[in-house]
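Quick notes on the structure that follows.
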Amino acid sequence: FIRIVFPDKARLCDVCFCPIHTPTKCCQQTGGEHYKKVDCTHEFCKGCLEQWIKQGLDGRQIQIRCPDGSCKFVFSGDDVKRIAGSMVYDQFVNLGNESYKERIKEVVTDPLMQKYLDTHTRVCPNCSVIIERSEGCNSMRCPCGQSFQWTTAHNISQAHNSNVLEAI
């Protein structure tokens, strides 16, 4: 109704420049106390956001930002799944896991970095992301959704020297 009566008041998608028929926000807060995403209130056509994510993944990007160039929001797995569906989410997870494994292989070549990371970080048993803990309890939750215990999780050296990276 608003687009018909007040066509100049219709919100336009900043990707396709058409009126937004199915407004979709980039960000939806999840994760509770474990982590908080950068807020993003930008809305785009659902189809445009889905295509934006797919193109990012086709370009082997795992850090896909909001289409608004001034925004610092980066899509997380739950946003990818909500917007683009399970198949695209699986592609996102697999690409991320490859990247995280490669990062572990890179950091073990620097002895000082490896010593620091062995002491202060653990590797998520699900996705291989390196997680740092500053304080708190032993119960950890990775942004991928995996819960694990800090005291039993592998450090960088253990993950690199075991079959953990190949199993993921």
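The values are calculated or read from the model by the stated rules, or taken from the named source; none is laboratory data. This is a predicted model, so every value here is computed, not measured. As a convention, Cβ positions derive from the backbone with ideal geometry for all residues, glycine included, and neighbour counts pool all protein chains shown. We work out accessible area using only protein heavy atoms, side chains counted, and drop any ligands, DNA or RNA first. Shrake-Rupley method; radii C 1.70, N 1.55, O 1.52, S 1.80 Å.
What number comes out for the charge environment of residue 140, summing +1 per Lys or Arg and -1 per Asp or Glu over other residues with Cβ under 10 Å away? Here the charged neighbours net out to +3.
Would you mind counting up the charge near residue 117? Only other residues with Cβ under 14 Å from its Cβ, with Lys and Arg at +1 and Asp and Glu at -1. Summing Lys and Arg as +1 and Asp and Glu as -1 gives +1.
The trypsin sites (Lys or Arg not before Pro) of segment 67-97 meeting both criteria, a DSSP state outside H, G, I, E and B (loop) and at most 13 other C-beta atoms within 10 angstrom of the site's C-beta, are 72. Computed over protein heavy atoms with a 1.4 Å probe, the carbon and sulfur contribution to the accessible area of segment 78-151 reaches 50%. Summed over the residues of segment 72-168 and divided among them, the accessible surface reaches 56 Å² per residue at a probe radius of 1.4 Å.
Beyond 18 Å in Cα-Cα separation lie the following of the pairs 81/105; 25/54; 81/101; 54/81: 81/105; 81/101. Based on the Kirkwood radius over alpha-carbon pairs, what value in µm²/s does the Stokes-Einstein equation return for the translational diffusion coefficient of segment 56-102 at 10 °C and 1.306 mPa s? Approximately 144 µm²/s, per Stokes-Einstein. When each of the peptides 129-137, 45-53 is scored by how many other beta carbons lie within 10 Å of its residues on average, the order from highest to lowest is 45-53, 129-137.
With a simple spin-label model that places each label point 7 Å from the Cα along the Cα-to-Cβ direction, the separation between residue 99 and residue 25 comes to 2.4 nm. The peptide list 143-151, 106-114, 60-68, 92-100, put in order of mean Cβ contacts within 10 Å with the highest first, becomes 92-100, 60-68, 143-151, 106-114.
In segment 62-168, a dipole from Cβ-located charges (positive for Lys and Arg, negative for Asp and Glu) runs towards its positive end, and of 93, 143, 117 it is 143 whose Cα lies farthest in that direction.
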